[in-house]
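No lab work stands behind these numbers, since they all come straight from the coordinates. Nothing here was measured: the structure is a model prediction, and the numbers come from that model. A quick note on method: Cβ atoms are made from the backbone with ideal geometry, for glycine too, and the neighbour counts reach across all protein chains shown.
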Amino acid sequence: MEVDTLLAKKIAGEITVSDNPGKNLRKWREIFGIKQYRLAEFMGISTSVVSDYESGRRKSPGIEFIKRYIQALIELDEAKGGPVVKKFSKDINIDAILDIREFLEDVPATKIKEVVKGVIVVNKNIENMHLGGYTVIDSIKAITELSESDFIKLYGLSTNRALIFTKVHMGRSPMIAIKVTKPKPTMVVMHGLKPDEVDKLGIKIAKLENITLMVSTLEREQDLIKNLRSINS
């Protein structure tokens, strides 16, 4: 299946399950960097129709409109050389990625801490920190299967995000992988161990790289992902 088809399904799924589909439409249009009038012109509709759907002034768009909207975004992007489609092709079909999202708007780091029931291990002052997204990663698959170039694909559209590693036993390997690759995330969350079990080298790396390091105290991986998906949905 071609990348653009996979991407279209990803976007459509996010929009249709959202409690605020209009806001999600706008988010994706802004990610693609396309003006309302240009999108409306390409779709053969008025700018006010696009604006009304995005603002919620009109009833939630049906699946046919969403399909046309997404296809227009992709085709307009491909006309410019496909920079956004190529960007997203990096994170499609990577087994180590359990979930990846860009928020509708930046989210306070304190909200991430709340939903993952986090305990901060390094860099405790997060009151003024905001994040643009997150990636949930199977740490075993990431460490054993991803090359250095693949590791970069975990960042989605922005490095200003939380990398959330599951199935963590010590926390050394994910932090070493972050240490030897670029770019760096704003926050790392580990799931599968207790705060006092985090490896000392992992803590040292987080301090050296100025990365907030947190441990999720949730018991189940499914709950971790479910809680994260509730943010800005």
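Straight Cα distances below 17 angstrom link residue 124 to the aspartates and glutamates 114, 196, 209, with same-chain residues fewer than 8 positions distant left out.
Working note: 222 nm ellipticity from helices only, DSSP H runs with n ≥ 4, each -39,500 (n - 2.57), summed and divided by the residues of the chain, gives -13500 deg cm²/dmol to the nearest 500. Take the Cα of residue 17, step 7 Å toward its Cβ, do the same at residue 106, and the gap between the two points is 2.7 nm.
Available extension along the chain between residue 9 and residue 31 is 6.3 nm, counting 0.36 nm per residue and deducting the alpha carbon span.
For the cross-link pairs 182/226; 9/182; 141/167, which exceed 18 Å when the distance is taken from alpha carbon to alpha carbon? Checking Cα-Cα distances, 182/226; 9/182 exceed 18 Å. Straight-line reach from residue 194: taking Cα to Cα under 12 Å and skipping same-chain neighbours fewer than 8 places apart, the aspartates and glutamates in range are 219. With the highest mean first, a sort of the peptides 140-153, 173-186 on other beta-carbon atoms found within 10 angstrom per residue produces 173-186, 140-153. Averaging over all projection directions, the Cα-based convex hull of segment 3-89 occupies 5.0 nm² in the image plane.
Applying a DSSP loop filter and a limit of 14 other Cβ atoms within 10 Å to the GluC sites (Glu not before Pro) in segment 58-133 leaves 127. So, in nm, how far is label residue 196 from label residue 127 when the simple model puts each one 7 Å beyond its Cα toward the Cβ? Calculated label separation equals 2.8 nm. Across all Cα atoms of the chain, the radius of gyration (one decimal) and Dmax (whole number) stand at 18.8, 59 Å. Against the chain, whose longest principal axis is taken from its Cα atoms, helix 21-32 shows a tilt of about 80°. The residue among 107, 230, 63 whose Cα reaches farthest toward the positive pole of the charge dipole of the chain, with charges on the beta-carbon of Lys, Arg, Asp and Glu, is 107.
Each Cα pair under 8 Å and six or more residues apart adds its sequence gap; the mean of these over the residue count of segment 97-229 is a relative contact order of 30 percent.
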